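The values are calculated or read from the model by the stated rules, or taken from the named source; none is laboratory data. As the structure is a computational prediction, the values presented were derived from the model and not from experiment. Only protein heavy atoms, including side chains, enter the accessible area calculation; ligands, DNA and RNA are left aside. Shrake-Rupley method; radii C 1.70, N 1.55, O 1.52, S 1.80 Å.
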Amino acid sequence: MIMVSNAEIEKLFGWKKGKAGVYAGRNILPDPVQVLSCGRLWNLEDILFTAAERGWEVNQEALREIHKSVVQSTPDTKEVLQAEINSMRNHLRSLQDEIEKKQKQNQDLDDASQALERRTEHQRAKLVYMQNEIAERETKVDRLRDEEKRLDEWITVKRKSVNKDNNS
């Protein structure tokens, strides 16, 4: 994106100094991309689009000068691309590290989940064992009650027999 100020816009259209500011104030120009303490900056493409819409004639020499100044001030393309590649590589490494960290966390969660499942299964087995123990003990208690009942009946029969013998 090529940025231009009031001065470049006025050169592009052959306007007197200050006219770009007036047009900006009246919203004839598009909104600036950035407003700095030294002035407003517009995207050149936005300005050229507005010029085409309004039928303003563009001073081609001024446009070439703007492009020439941009090319001269632009760092070597190879250096810029290499810097972007290095930045992207660093970002990629950081994303890979984050992915590995998330995978480790997922593995830790999977391990914890499996351990919990094993403990749960162990507790279920323990519960079944205890339920069986309770059922066996209840069966023993029932047998003991039945036996106690029979003994009570036998004792009652024996007492009656003894009482009968004593009364006779």
*Computed over the Cα atoms of segment 84-168, what is the convex hull's projected area averaged over all directions, in nm²?*
6.7
*Report in % the part of the accessible area of the chain that belongs to carbon and sulfur, leaving out ligands and nucleic acids; probe 1.4 Å.*
51
*If you line up the long axis of helix 77-167 against the longest principal axis of the chain, both from Cα atoms, how many degrees apart are they, to the nearest 10?*
10
*asked:* With every protein chain kept in place and ligands, DNA and RNA left out, what is the accessible area per residue of the chain? Probe 1.4 Å, answer in Å².
replied: 84
*asked:* How tilted is helix 44-54 with respect to the longest principal axis of the chain? Cα atoms for both, answer in degrees (0 to 90, nearest 10).
replied: 70
*Could you tell me which label, among (i) 38; (ii) 34; (iii) 70, carries the value of percent of Cα pairs over 25 Å apart calculated for this structure?*
(iii)
